[in-house]
Each structure stands twice: as structure tokens, then as C-alpha cells.
Amino acid sequence: MTRSSNDILLGAAPIALVLLLWQGLVSFGYAPATLLPPPGQVFLRMGQQLSSVTFQQDIAATLFRLFAGFAIAVIIGVSLGIAAAVSPPINAAVKPIVRVLAPLPKVALYPAFLLLLGFGHESKIMLVAADALFPILLSTYYGATTIEQKLIWSALAAGTKPRDVLWKVVLPAAMPSILTGCRIGLVISCIVVFLAEMITSTDGLGHVLVTAARTFQAVDMFVPLITISLLGLILNALLQGLRAYLLRGFPSV
């Protein structure tokens with residue numbers, strides 16, 4: 001059995017245990033089916049929902065907000081992280097901002113985003129970007145500042161122009177740390193976009209859950225929860241594949 005097969009089995013085991021526990025709670029009467037429907041019923045309903053155009057549009061709206069906010073966070077986070085690592089003036093300007101804003105729960109800024117950007121896509125995208133930004137920025141900065149100085153000296157000695165060292169040495173060497181920050185930021189993006197849609201939205205998976213809760217449809221409440229979880233698993237697997245491709249020359253991959 002290959003290493004990837006072992007990883008898949010180890011990853012599937014906790015999920016199987018959760019499903020068994022879930023089924024056991026319902027089967028033995030520890031939780032009423034009206035509040036905790038059996039997993040088979042939920043997955044059957046999810047299959048029905050996935051064939052619905054309306055539900056597909058809700059998934060598309062969630063993914064659009066997630067990808068847009070995550071992309072903004074990656075662009076700003078990587079750019080600022082690299083710039084702060086190589087430029088003392090930029091570092092001096094960015095560091096106090098990060099120290100103040102990084103610990104702040106970004107959801108507290110959501111009312112301000114709503115007032116500034118409205119109730120459409122923009123406010124939700126901005127909230128996702130704000131939450132995913134700091135893990136990416138900090139990981140990029142850490143990766144760029146821990147590069148062996150000998151690598152830069154060797155590149156300069158080999159004839160690399162100083163302006164090209166950033167792209168040919170610093171950025172590739174910091175890539176493992178950058179991708180780690182992106183992985184954390186992606187998980188945060190999945191959580192935040194769902195939360196934002198639960199608070200104020202007329203579409204998206206979070207809105208589907210709130211609508212089902214208001215009408216006491218327990219099965220329909222669990223469908224968007226499982227859907228966003230599956231989307232997170234798929235996106236994480238895709239990012240892992242991208243990481244393996246980009247870092248194929250690194251010994252740890």
C-alpha cells in the first residue's frame with residue numbers, strides 16, 4: 001500500500017467515526033430525528049439539492065465570494081510580506097499595523113463593510129480578504145526573512161542582478177512558507193464566507209442554512225453544512241496538489 005493510500009485511509013477514518021456516532025445517536029434515540037436527522041436522509045437530500053439549479057447557484061455565489069476574497073488576500077499578503085522582509089522602511093510601516101489588526105476579530109469590521117460596500121458581494125468578499133490576509137502575510141514574511149543569506153550571496157556571485165534576486169531567490173525559497181499560509185487562509189475563507197452569508201445574504205450556502213433554520217427544516221440545515229465541508233476538502237486537496245507541483249524540487253515534498 002502506497003503512502004498516499006495510507007494518508008487517504010487515515011483521513012477517512014475520523015470522518016467514518018463521526019458518521020457512525022451520528023447514526024448511533026439517532027438510532028438509539030439519544031437525539032430526536034426532527035433535530036438530528038439520520039445521515040442517510042441528509043445525504044439523500046443533498047443529492048436532490050445538487051440537481052437543483054437554485055442550489056447550484058447558491059454554491060456558485062459562495063465559491064465566487066470565497067475565491068475573490070482569497071485571491072485578494074494572496075496578492076496583498078504575499079506582496080506586503082515580501083516587501084516588508086526586504087525593505088526596512090516598509091517593515092517599519094507594516095509591523096505596527098499587523099500587531100494592531102492581526103488579533104482583531106475581523107467579523108467585528110463587517111458592519112463597517114456593510115455600510116461602505118452594501119449588502120452585495122463586495123462586503124462579503126472584503127470580509128473574507130481581511131480574515132485570510134494576515135496568515136498569508138505573516139507566513140510570507142517569516143519565509144522570506146529566514147532564507148539563508150548564503151543563497152543570496154551565491155546568486156549575486158553567480159551574476160544575478162540585485163533586482164532579480166527577489167524573483168529568482170527570495171520568492172522561490174519562501175514558497176513553502178507562503179503555501180502554508182495560503183492553506184490556512186483558504187480554511188479561514190471557507191468559514192468566513194459561510195458566516196457572512198448567514199448574517200446578511202439573499203443567496204449562498206449560509207443563506208440556505210438560515211432559511212432552513214427559520215422554517216425548522218432540520219435536514220435542509222445539514223445539507224449546506226456538509227456541502228461547505230466537502231468543498232473545503234476538495235479545495236484543500238487541490239491546493240495540496242498545487243503545493244506538491246510547485247515544490248517538487250524541495251526534499252521535503
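The values are calculated or read from the model by the stated rules, or taken from the named source; none is laboratory data. As the structure is a computational prediction, the values presented were derived from the model and not from experiment. Using ideal geometry, Cβ is built from the backbone for each residue, glycine included, and neighbour counts are taken over all protein chains shown. Calculation scope for accessible area: heavy atoms of the full protein, side chains included, ligands and nucleic acids excluded. Shrake-Rupley method; radii C 1.70, N 1.55, O 1.52, S 1.80 Å.
Taking the Cβ-Cβ separation of ASP164 and SER87 as r and a Förster radius of 22 Å, what is the calculated FRET efficiency to the nearest 0.05?
Details: r = 16 Å, r/R0 = 0.74.
Approximately 0.85, to the nearest 0.05.
The per residue volume of the convex hull around the alpha-carbon atoms of the range 117-248 is 109 Å³. Between the beta carbons of ALA218 and PHE64, assuming R0 = 35 Å, the FRET efficiency works out to 0.80 to the nearest 0.05. With 0.36 nm allotted per residue and the present C-alpha distance subtracted, the ALA237-GLN23 stretch has 74.3 nm of extension available.
I'd like the FRET efficiency for GLN149 and LEU115, computed as 1/(1 + (r/R0)^6) with the beta carbon distance as r and R0 of 30 Å, rounded to 0.05.
On the way: r = 47 Å, r/R0 = 1.57.
E between GLN149 and LEU115, to the nearest 0.05, is 0.05.
Overall, the accessible surface of the range 134-232 at a probe of 1.4 angstrom is composed of carbon and sulfur to the extent of 68 percent.
Based on Cα atoms of the chain, Rg over Rh with Rh as the Kirkwood radius reads 1.06.
The distance linking the range 184-207 with the range 111-165 is 23 Å (Cα centroid to Cα centroid, whole angstrom). All alpha carbon pair distances within the range 133-178 were sorted into 5 Å bins beginning at 0; the resulting P(r) in whole percents reads 5, 24, 29, 20, 12, 6, 3, 0. Helices that extend 15 Å or more along their long axis by alpha-carbon positions and average at least -0.5 on the Kyte-Doolittle scale are, among the DSSP H runs of the chain, 3-27, 39-50, 53-86, 88-101, 121-145, 171-199, 218-246.
Taken per residue, the accessible surface of the range 117-253 reaches 52 Å², heavy atoms only and a 1.4 Å probe.
Between ALA157, ALA237, ALA174, the Gaussian network model of the chain with springs among Cα atoms under 10 angstrom shows the greatest mean-square fluctuation at ALA157.
One chain, two ends: ALA16 and SER229. Fully extended at 0.36 nm per residue, the span grows by 75.2 nm beyond their Cα-Cα distance.
Its alpha carbons considered, the range 171-231 gives a radius of gyration followed by a Dmax of 15.5, 53 Å.
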